Amino acid sequence: MTLLNTKSQSNQRSDKSAQTISPVVSGSPDRFDWKIMIVDDVPVNIKVARAYLANAGYSNFITVTDAENVQSVMEKESPDLLILDIMMPEISGLDILRDIRSDERFAYMPVLILTSAESRDIKREALELGTTDFLSKPIDPDELIPRVRNSLKLFEYQNNLEQQVRERTAALEKSRIDIIECLARAAEYRDNDTGRHVLRVSKYAGAIGRELGFSDVEIAELELAAKLHDIGKIAIPDAILHKPGSLTEQEFELIQMHCGAGKKIFESLSRTEMNGVLQHTTSGAALIQNCGSDLLDLASTIALTHHERWDGTGYPLGLSGDDIPIAGRITAVADVYDALSSKRVYKPAYPRERCFRIMEESRGSHFDPDVLDAFFNIREEIIRIQIDFADVD
């Protein structure tokens, strides 16, 4: 399910931040606590390789002579490096290597192929399956030790790099969420009588999306984007935004402008694009993008369409039915319920059952029946959100 009602577009922007990550310091001392697994059907070959490595300082070994036990031992021990003989009975080293690389836990673990075979075809297949390096029989310690050390250093560097990328990604995600929160609070402070309105609408929208079968990722994006549904209120004059009485026709027209203003905060459409939106509603969601972020595209769509109505009598585009993006339809239900159940300058908070009754009366006119059904299916969760995030006087 796509929240924008458009085909998914892959984000091909490169992560420039990864280019600035510092590598492991050159010349860092060797580690000797690595877990090294040696697989060979000839015990003396294992004994020789182990002795050479022990003389170099390594001490943590796992040895296997029965190829059929390799997979189970690896799953139990999780080695850091594998020295693997190719020519073994029953199961060849190439078959073991193929199984190892198909397991994401060992996809990048260093594997040194130990073999006396000179076949180019075998070496080519081993390389294609992801071997790290080759070791010739009989084992030469001057070849074994540096290749093991270099492979482990590269593995350590890769692990450190991946950890730094994860940390940088988490920091960027936190920054993105912080920016969304700041923008949402900016809109909320302009209309402070709504209190924690944007937070409740966000939670209601996420709960409805979950009931409709959205994935966890889609729910998280929907909740964030829904917080910005009223960002366009920044453009509405205080005298109108805080007016306790009824609005004049001209004032209501200004209020309606907050949807378009919200979209413009994220991006601007050319006159040609806007005409396309007005003339062909099914292409509207596709045009309300291109601001450089899938999340802000979604927020832009919600800001523009959360006052559209299922029967086509909403604003600002007069979309109807499935032409209204699903995110806008969901946010419409969440927004209206919170408006009804909260105190505003122009009305008191309505009792919960009255809110539910008013919304039911708008089934098929204001609201998508399927979205409204999802809302009512999770009535207890909606009430819990309303209580947990109630306004604080």
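The values are calculated or read from the model by the stated rules, or taken from the named source; none is laboratory data. Model, not experiment: these values are computed from the prediction. FYI the Cβ positions are ideal-geometry reconstructions off the backbone, even for glycines, and counts take in every protein chain you see. With ligands, DNA and RNA removed, areas are computed over all heavy atoms of the protein, side chains included. Shrake-Rupley method; radii C 1.70, N 1.55, O 1.52, S 1.80 Å.
Test Arg101 against the criterion of being more than 25 Å from Arg31 (Cβ to Cβ) and among the basic types (Lys, Arg), and give yes or no.
Details: more than 25 Å from Arg31 (Cβ to Cβ): no; among the basic types (Lys, Arg): yes.
So Arg101 does not fit the description; no.
Would you say Lys343 is of a type in the set (Lys, Arg) and open to solvent by 30 Å² or more (accessible area, probe 1.4 Å)? So that I can check it myself, show each step before the final result.
Values: of a type in the set (Lys, Arg): yes; open to solvent by 30 Å² or more (accessible area, probe 1.4 Å): yes.
Taking the combined requirement at face value, the residue satisfies it.
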What are the residues in segment 369-389 that are of a type in the set (A, V, I, L, M, F, W, C), within 15 Å of Ile358 (Cβ to Cβ) and open to solvent by 20 Å² or more (accessible area, probe 1.4 Å), if any? Phe376
Got a number for residues in segment 33-57 being in a loop (DSSP other than H, G, I, E, B) and open to solvent by 10 Å² or more (accessible area, probe 1.4 Å)? 6
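When you check Leu340 against the structure, is it free of Cβ contacts under 8 Å to residues at least 24 places away in the same chain and either assigned to a loop (DSSP other than H, G, I, E, B) or over 30 Å from the mean Cα position of the chain (by Cα) (or both), yes or no? First the steps, then the outcome.
Values: free of Cβ contacts under 8 Å to residues at least 24 places away in the same chain: yes; either assigned to a loop (DSSP other than H, G, I, E, B) or over 30 Å from the mean Cα position of the chain (by Cα) (or both): yes.
Considered against the rule, which asks whether it is free of Cβ contacts under 8 Å to residues at least 24 places away in the same chain and either assigned to a loop (DSSP other than H, G, I, E, B) or over 30 Å from the mean Cα position of the chain (by Cα) (or both), Leu340 comes out as yes.
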Which one of Met87, Met109, Met74 is touching a strand residue (DSSP E or B) at 6+ places or on another chain (Cβ under 8 Å), buried (at least 19 other Cβ atoms within 10 Å of the Cβ) and in a loop (DSSP other than H, G, I, E, B)? Met109
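Taking only segment 346-359 into account, find how many residues are open to solvent by less than 80 Å² (accessible area, probe 1.4 Å) and either in a helix (DSSP H, G or I) or not charged (D, E, K, R) (or both).
Within segment 346-359, the first condition is being open to solvent by less than 80 Å² (accessible area, probe 1.4 Å), and the residues that meet it are 347, 349-350, 355-356, 358-359.
Checking which are either in a helix (DSSP H, G or I) or not charged (D, E, K, R) (or both) leaves us with 349-350, 355-356, 358-359.
Qualifying residue count for the region: 6.
Determine which member of the set Ile382, Ile387 is assigned to a helix (DSSP H, G or I), modelled with pLDDT under 95 and aliphatic (A, V, I, L, M). If you could, list the steps in order and put the result at the bottom.
Details: Ile382 fails: modelled with pLDDT under 95.
Going through Ile382, Ile387 in turn, the sole match is Ile387.
Output the residue which, of all residues in segment 285-307 that are of a type in the set (S, T, N, Q) and in a loop (DSSP other than H, G, I, E, B), is modelled with the highest pLDDT.
Ser293
Can you tell which of Glu104, Glu143, Glu156, Glu128 is closer than 22 Å to Met37 by Cα, modelled with pLDDT of 90 or more and loosely packed, with under 13 Cβ neighbours inside 10 Å?
Details: Glu104 fails: modelled with pLDDT of 90 or more; Glu143 fails: loosely packed, with under 13 Cβ neighbours inside 10 Å; Glu156 fails: loosely packed, with under 13 Cβ neighbours inside 10 Å.
Unique residue meeting the criteria: Glu128.
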Does segment 41-82 hold any residues that are without any contact (Cβ under 8 Å) to a residue 60 or more places away in the chain and aliphatic (A, V, I, L, M), and which are they? Val42, Val44, Ile46, Ala51, Ala54, Ile62, Val64, Ala67, Val70, Val73, Met74, Leu82
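Looking at the structure I just gave you, is Asp311 farther than 21 Å from Glu223 by Cβ, acidic (Asp, Glu), open to solvent by 10 Å² or more (accessible area, probe 1.4 Å) and not in a loop (DSSP other than H, G, I, E, B)?
Answer is no for this residue.
How many residues does segment 72-90 hold that are at pLDDT below 90 and farther than 19 Å from Phe134 by Cα? Steps first, answer last, please.
Quick first cut of segment 72-90, residues at pLDDT below 90 only: 86-90.
Subsequent filtering for residues that are farther than 19 Å from Phe134 by Cα retains 89-90.
Residues in segment 72-90 being at pLDDT below 90 and farther than 19 Å from Phe134 by Cα: 2 in total.
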